[in-house]
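Have a look at the structure below before the remarks.
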Amino acid sequence: MSRRHLPTLAAMQCFEASVRHMSFTRAADELNLTQSAVSKQVAQLESVLEHPLFRRVRKRLQVTPEGALYLTEVRKILAQVEMSTRYMQSYGGQSEVLNVTTLPTFGARWLIPRLNGFRFRHPRVYLNIANRSEPFDLEEERVDVAFFFGHGAWPRAECIRLLDEEMVPVCAPSVLPVGGVREPLALTRLVLLQSATRPEAWHDWFEAQGCYTEHSYHGPRFDTFYMALRAARAGCGVALVPRFLAEEELQAGLLTLPWSFGLTSRDAYYLAYPEHKGEVAKVQGFIDWILEHRDAPDGS
């Protein structure tokens, strides 16, 4: 479908209001339009979609199954447009948005504590931070800065190494056997919690110590390290996670290291930004801030 044949926002608003009121007349009153204008917009929408949205039964409106299905999507679109509009209105004319993406647990545990104070140094820059785990095109997605884990390469981007990763096993103190764990393979009796983003993690950790077990890939699998940490805290088993992401729970005694060996990952955490944005003030200001606070244990 070409853009010329896409429905307008006005048509969607007329349709959504008509459904809420089950009346073109009351929808027209709400939207400050005539009844015929609302009816015409809905008819044009039905023509574009090639599906009826309403049935007219004894001068009353009834939403068709197709209309009910489309209504769900229309409400999402209208809500997004409203949110985006209010978002931009709140900034004022001299403000700039900095679009940042980050890995979920890395963002929550490492990045966010390091953002406190940034707005005072750069009061005109507003951060828009989103979680992204899968590869994507920085330019296409209009992302200014991305935090990622990998080899340190991103197409058409400059990459800055931030920190290395040491993978350690963590579990709730309550699940440890009396006398503790006396050798790495004993962890398999506590259930190995798996991370979907690091399917080889347990295998590599055991192999680095000269151990092998068929249970390396067995156990509940979690999308994020945060979920694996929560499962470990709940006593579901042992999670293998980057030590710096578990530091909060380790310091509080909510988690413990059942075995002290840590495996340094071959990859590391990086900051990436499009090559042509290196001289953009808001991007450079953010990068400078992150590098300045990179080594602070609590982000301060």
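Numbers for the structure displayed
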quantity	calculated
Strands (runs of 3 or more DSSP E) wholly inside the stretch 40-147 that include at least 1 residues being over 18 Å from TYR273 (Cα atoms) and in the same structural domain as ALA10 (by TED's automatic domain parsing)	54-57, 60-63
Cβ pairs under 8 Å, 6+ apart, first in the stretch 238-259 and of a type in the set (Gly, Ala, Ser), second surrounded by fewer than 18 Cβ atoms within 10 Å (Cβ to Cβ) and in a helix (DSSP H, G or I)	GLY253/PRO173
Meets criteria (surrounded by fewer than 18 Cβ atoms within 10 Å (Cβ to Cβ), charged (D, E, K, R), modelled with pLDDT under 90 and in a helix (DSSP H, G or I)) for ARG4	yes
Among (1) in contact with a Ser or Thr (Cβ under 8 Å, 6 or more places away or on another chain); (2) within 27 Å of PHE244 (Cα to Cα); (3) free of Cβ contacts under 8 Å to residues at least 60 places away in the same chain, the one test that VAL145 misses	(3)
Considering residues of the stretch 183-204 that are touching a helix residue (DSSP H, G or I) at 6+ places or on another chain (Cβ under 8 Å) and surrounded by 19 or more Cβ atoms within 10 Å (Cβ to Cβ) only, the residue nearest to PHE106 (Cα to Cα)	SER195
Subset of the stretch 54-92 that is of a type in the set (Phe, Trp, Tyr) and farther than 14 Å from PHE24 by Cα - its residue that is modelled with the lowest pLDDT	TYR91
Residue ranges of helices (runs of 4 or more DSSP H) in the stretch 170-260 with at least 2 members of a type in the set (Lys, Arg) and not assigned by TED's automatic domain parsing to the domain that holds PRO135	225-233
Residue check for PRO173: under 26 Å from ARG233 (Cβ atoms), surrounded by fewer than 17 Cβ atoms within 10 Å (Cβ to Cβ) and either at pLDDT 95 or above or in contact with a Ser or Thr (Cβ under 7 Å, 6 or more places away or on another chain) (or both)	yes
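Yes or no, residue by residue, for (1) modelled with pLDDT under 95; (2) small (Gly, Ala, Ser); (3) under 18 Å from the mean Cα position of the chain (by Cα):
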{"residue": "GLU96", "(1), (2), (3)": "yes, no, no"}
{"residue": "THR101", "(1), (2), (3)": "no, no, yes"}
{"residue": "GLY107", "(1), (2), (3)": "no, yes, yes"}
{"residue": "GLY117", "(1), (2), (3)": "yes, yes, no"}
{"residue": "PHE120", "(1), (2), (3)": "yes, no, no"}
{"residue": "ASN131", "(1), (2), (3)": "yes, no, yes"}
{"residue": "GLU134", "(1), (2), (3)": "yes, no, yes"}
{"residue": "ARG142", "(1), (2), (3)": "yes, no, yes"}
{"residue": "ILE160", "(1), (2), (3)": "no, no, no"}
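The values are calculated or read from the model by the stated rules, or taken from the named source; none is laboratory data. All of these numbers come straight from a predicted model, not from anything done at the bench. Cβ coordinates were reconstructed from backbone atoms using ideal geometry, including for glycine residues, and neighbour counts include every protein chain displayed.
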